[in-house]
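Visitor: If you scroll down you'll find the structure; I have some questions about it.
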Amino acid sequence: MSSMTFGQKKFIPTAPDKGSFPLDHENACKRQMLKYMACLSEHTDNNSKCRDEAKSYLQCRMENNLMAQEEWTKLGFKE
């Protein structure tokens, strides 16, 4: 039995513009991620205290093609 009904268009999924990126299966940025998570834990999840660690992690992801290259200002950082 078919799951489509008459007149229904076929669903074609598309990737979101932001908010979704490949997982780091190779653990290329694991060290940076762990430093960021440790910083968050140390500062009671106050991410404003961990901006350097966050920037380092995002830089690693961009360098390893785990996310698109983006300007720091668009990611909430000043140049």
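Visitor: Which percent of the accessible heavy-atom area of region 33-79 goes to carbon and sulfur, probe 1.4 angstrom?
Guide: Values: 1580 of 3410 Å².
Carbon-and-sulfur percentage of accessible area, whole number: 46.
Visitor: Straight-line reach only, C-alpha to C-alpha below 12 angstrom: list the aspartates and glutamates that Lys78 could link to, leaving out same-chain residues fewer than 8 apart.
Guide: Correct list for Lys78: Asp52.
Visitor: If each residue of separation counts as 0.36 nm, what is the full-extension length gain between Gln69 and Ser48 once their alpha-carbon separation is subtracted? Working shown, then result.
Guide: On the way: separation 21, 0.36 × 21 = 7.56 nm, distance 2.23 nm.
Gain on stretching Gln69 to Ser48: 5.3 nm.
The values are calculated or read from the model by the stated rules, or taken from the named source; none is laboratory data. Keep in mind that this is a model prediction, so the values were computed, not measured. Protein only, heavy atoms only, side chains kept; ligands, DNA and RNA dropped before computing areas. Shrake-Rupley method; radii C 1.70, N 1.55, O 1.52, S 1.80 Å.
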